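Novice: After the structure tokens below, expect a handful of questions from me.
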Amino acid sequence: MVWDINAPYKAESKKIVWEVAPYLRGRGLDIGAGDFKILPHAISVDNMNHEQFGFSVKPDILVESAEKLDVFGSQTMDFVYSSHTLEHISNYEGALREWWRLVKQGGYLILYLPDEDQYPKVGQPGANPDHKWDVSYGKVIAAMNGVAGNWDLIDYQKRSQDDEYSLFFVFKKISKSKPAHSWMDPKPEKTACVVRYGAFGDLMQSSSVWASLKAQGYHVTVFSSEPGADVIKHDPHIDNLVLFDKDQVPNANLPDFWGYQKKKFTKFVNLSESVEGTLLSMPGRTLHYFPPKLRHELMNHNYLELQHKIAGVPFALLSKFYATPEEKQWARKELDRAGKGPVILWSLAGSSVHKTWPGLDSVIAALLLKYPEARIVLVGGPECVILEQGWEKESRVWLRSGKWTIRQSLAFAQVATLVIGPETGVLNAVAFEAVKKIVFLSHSTVTNLTRDWTNCVSLFSENTKCNGRGDNEAPACHQLHYGWDFCTRDPETHCAQCQADISTDAVWSAVQDALEAP
């Protein structure tokens, strides 16, 4: 549209908020925010000179002029965003130079400005009397050329739909000295976006979905978050990985954000709560309080199969961790250091309180006695270090919790003889690899998780009585646990009752079968 002086007032940033949101990760500024900050985590910077427009504001940081922001250090911001402010500054080249100074390498400068083709020019009837210059694509590019050459204009839009009359620029700070204009690159015909936040195991499962989409010829974008997304950062089936911080887009606004983004892709696949909330009940939701038998009847479906159905792609077993060449080389060197005997990688715990098995020490002792050349590698986060205690002086037990990264653990899992552990990302990452696996199931059943896994033995308790299963009414609780409020704790081991009920004899038998079978 062309600007209309009679149109009702609306903060300009409200028109662009869901377009710009993916670029607003981390720490950044909203310069000239006025009465609407682009997203809650942004730092609003303003001079409070808005009385002439009929409102007053109190910014996070008060400045005299946007041309001088020495309160902020150079390259300290992941993003600098500004809407309908630069046109109020006579020395806009100087302002851009100052804003660009603040942007980190790999960060963004985002500008949303009135388009001179759609807005009255300076001095014309209806023009804002405080505007100092008329904005065009050419003037902004010329100014940025004068500021620095190390930028790539990754997005440019002339926005005239609905009540917009503006130009949208996204500059990324790059290492090359020559400016780039990647927004002009040819666009793929078929585009798919998969939304999947979550832990390592969640991302490993969902990797089968975007592999299937890639096989159908889609250019694949994945919306995800760290730390879970660490395990998919080198997946060749992902063309564009867009990471979000926790609450970067507030939960209450996610439906609006997703609805906006959906229009930008040929296919939009939202896997949020495709497992959690759907096949694993969440505290506070109605299903969490259903009788155990009924909950089992409703939720005993395969996680991966459901995700493929949501995506509308054929069911396939394509979940995989993709190690880099350097990670593969590192894993092989570590394996060589272990010697010629069997190497057992033991994932000690998962992301929930019920994902640890209490008989670890007994099985390690038995392994060392029967298989003198065996090496047992214990992995997990820093919180798992306590589970390693007692083995510090045993050279055949490698204590790697809190030392190896998750990617190192997954790369090593691919070359190990046997991988053991609860329902964790480590086990999910090798689900369809040839390596042998022993999984301790807790809130999931074989049907849910391991039904189609390769070379896998699934162990689970068969006679557990607990809050989630009732009087042994179901083989799994199908509940998410964020603490012990709804999970029964074994009084002797202090682990989840369902894990304590998996006998050491059953685990030892499975370990021997795995190591001795051809």
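Novice: Can you give me the angle between helix 504-516 and the longest principal axis of the chain, using Cα atoms only, in degrees from 0 to 90, rounded to the nearest 10?
Specialist: Helix 504-516 and the main axis of the chain meet at about 90 degrees.
Novice: Something else about it: Relative to the longest principal axis of the C-alpha atoms of the chain, give the angle of the C-alpha long axis of helix 137-147, reported between 0 and 90° and rounded to the nearest 10°.
Specialist: Roughly 70 degrees between the two axes.
Novice: Just to check I understand the Karplus step: with θ = phi - 60° and J = 6.51 cos²θ - 1.76 cosθ + 1.60, what whole-Hz values come out for the stretch 428-439, glycine and proline as x?
Specialist: For the stretch 428-439, the Karplus curve yields 4, 5, 10, 3, 10, 7, 6, 4, 6, 9, 10, 10 Hz.
Novice: What does the charge count around residue 291 come to, taking other residues whose C-beta lies under 12 Å from its C-beta (Lys +1, Arg +1, Asp -1, Glu -1)? All intermediate terms of the calculation are to be shown ahead of the outcome.
Specialist: Working: positive: 293, 295, 469; negative: 297, 471, 473.
Cβ neighbours under 12 Å give a net charge of 0.
Novice: Counting other Cβ atoms within 10 Å, keep those with at most 15, restrict to DSSP loop, and tell me which trypsin sites (Lys or Arg not before Pro) in the stretch 79-164 are left.
Specialist: Values: sites: 97, 101, 104, 121, 132, 139, 158, 159; in loops: 121, 132.
For trypsin sites (Lys or Arg not before Pro) across the stretch 79-164 that sit outside H, G, I, E and B with at most 15 neighbouring Cβ atoms in 10 Å, the list reads 121, 132.
Novice: Among 144, 210, 331, whose Cα lies farthest out toward the positive end of the dipole of the chain, if unit charges sit on the beta carbon of Lys, Arg (+1) and Asp, Glu (-1)?
Specialist: The listed residue farthest towards the positive side: 331.
Novice: Let me ask you something else. In the neighborhood of residue 109, defined by Cβ-to-Cβ distances under 10 Å, what is the net charge if each Lys or Arg adds +1 and each Asp or Glu adds -1?
Specialist: Values: positive: 172, 173; negative: none.
So the environment of residue 109 carries a net charge of +2.
Novice: For the stretch 191-311, what does the relative contact order come out to in percent, with C-alpha contacts under 8 Å and a separation of six or more? Don't skip to the answer; put the middle values down first.
Specialist: Values: 150 pairs, mean separation 34.9, N = 121.
Relative contact order comes out at 29 percent.
Novice: In terms of the ratio Rg/(2.2 N^0.38 Å) built on C-alpha atoms, what value belongs to the stretch 12-184? Don't jump to the answer; show the numbers that get you there.
Specialist: Numbers: Rg = 15.1 Å, N = 173, 2.2 N^0.38 = 15.6 Å.
Compared with the compact-globule rule of thumb, the stretch 12-184 sits at 0.97.
Novice: Under the rule of at least 5 residues apart or a separate chain, name every residue whose amide H is placed under 5 Å from the amide H of residue 241.
Specialist: Here 222 satisfy the definition.
Novice: Next question, about the same structure. Could you tally the net charge around residue 457, taking each other residue with its Cβ under 9 Å from the Cβ of residue 457, Lys/Arg +1 and Asp/Glu -1?
Specialist: Residues close to residue 457 contribute a combined charge of +1.
Novice: Would you mind classifying the stretch 274-382 by shape? Square roots of the alpha carbon gyration tensor eigenvalues, ordered a ≥ b ≥ c; an a/c under 1.5 is rounded, otherwise it is prolate if a/b is larger than b/c and oblate if not. Present the calculation step by step, with values, prior to reporting the outcome.
Specialist: Numbers: a/c = 2.94, a/b = 1.64, b/c = 1.79.
Cα axes put the stretch 274-382 in the oblate bin.
Novice: Right, something else. Taking amide H positions as placed 1.01 Å from N in the peptide plane, with prolines and chain starts having none, which residues 5 or more places from residue 26, or on another chain, fall under 5 Å of its amide H?
Specialist: Answer set, sorted by chain and number: 245.
Novice: When the helices in the chain are scored as -39500 (n - 2.57) per DSSP H run of 4 or longer and the sum is shared across all residues, what 222 nm value do you end up with, to the nearest 500 deg cm²/dmol? Working shown, then result.
Specialist: On the way: 13 runs with 123 residues, N = 518.
Taking each H run of at least 4 residues, the total per residue is -7000 deg cm²/dmol.
Novice: Next question. Restricting to the stretch 325-516, what percent of DSSP beta bridges are antiparallel, rounded to 5?
Specialist: That works out to approximately 15 percent antiparallel.
Novice: Between rounded, prolate and oblate, where does the stretch 191-311 land on the alpha carbon gyration tensor, with a ≥ b ≥ c its root eigenvalues, rounded for a/c under 1.5, else prolate if a/b exceeds b/c?
Specialist: Values: a/c = 1.84, a/b = 1.49, b/c = 1.24.
Because a/c hits 1.5 or more and a/b exceeds b/c, the stretch 191-311 counts as prolate.
Novice: Please tell me the relative contact order of the chain in percent, rounded to the nearest whole number, where contacts are Cα pairs under 8 Å and at least six residues apart.
Specialist: Values: 1022 pairs, mean separation 56.6, N = 518.
11 percent.
Novice: Now for a separate question. Once both axes come from the Cα atoms, what is the angle between helix 360-370 and the longest principal axis of the chain, in degrees from 0 to 90, rounded to 10?
Specialist: In the chain, helix 360-370 runs at an angle near 50 degrees to the longest axis.
Novice: So who's got an amide H within less than 5 Å of the one on residue 488, skipping anything under 5 residues away but keeping other chains? H placed 1.01 Å off N, in plane.
Specialist: Close amide H contacts, sequence-distant or interchain: 467, 468, 497.
Novice: With an 8 Å cut-off on Cα pairs and a minimum separation of 6 or more residues, tell me the relative contact order of the stretch 325-516 in percent. Could the numbers behind the result be given before it?
Specialist: Values: 344 pairs, mean separation 44.8, N = 192.
The normalised contact order for the stretch 325-516 reaches 23 percent.
Novice: Ok, one more. In whole Hz, what ³J(HN,Hα) sequence does the stretch 311-320 give by Karplus (6.51, -1.76, 1.60; θ = phi - 60°), x for Gly and Pro?
Specialist: 6, x, 10, x, 5, 8, 10, 10, 4, 6
Novice: Please report how far the C-alpha centroid of the stretch 321-353 lies from that of the stretch 439-518, rounded to the nearest whole angstrom.
Specialist: Distance between centres, Cα-based: 24 Å.
Novice: Another one. Quick one: 3J(HN,Hα) in Hz for the stretch 480-491, Karplus 6.51/-1.76/1.60 with θ = phi - 60°, rounded, Gly and Pro as x.
Specialist: Using θ = phi - 60°, the values come out as 7, 10, 9, x, 9, 4, 10, 10, 6, 9, 5, x Hz.
Novice: How long are the three semi-axes of the equivalent ellipsoid for the chain, computed from the Cα gyration tensor as the root of 5 times each eigenvalue, in whole Å, largest first?
Specialist: Numbers: eigenvalues 554, 124, 88 Å².
After scaling each eigenvalue by five and taking roots: 53, 25, 21 Å.
Novice: I would also like to ask the following. Calculate, in whole percent, how much of the Cα-Cα pair population of the stretch 325-516 lies beyond 22 Å. Present the calculation step by step, with values, prior to reporting the outcome.
Specialist: Details: 8112 of 18336 pairs.
The answer is 44 percent, as a whole percent.
Read the figures in this text as sums done on the coordinates, not as results from a lab. Predicted, not measured: the structure shown is a model, and the values here were computed from it. Neighbour counts are summed over all protein chains in view; Cβ atoms, including those assigned to glycine, are modelled from backbone coordinates with ideal geometry.
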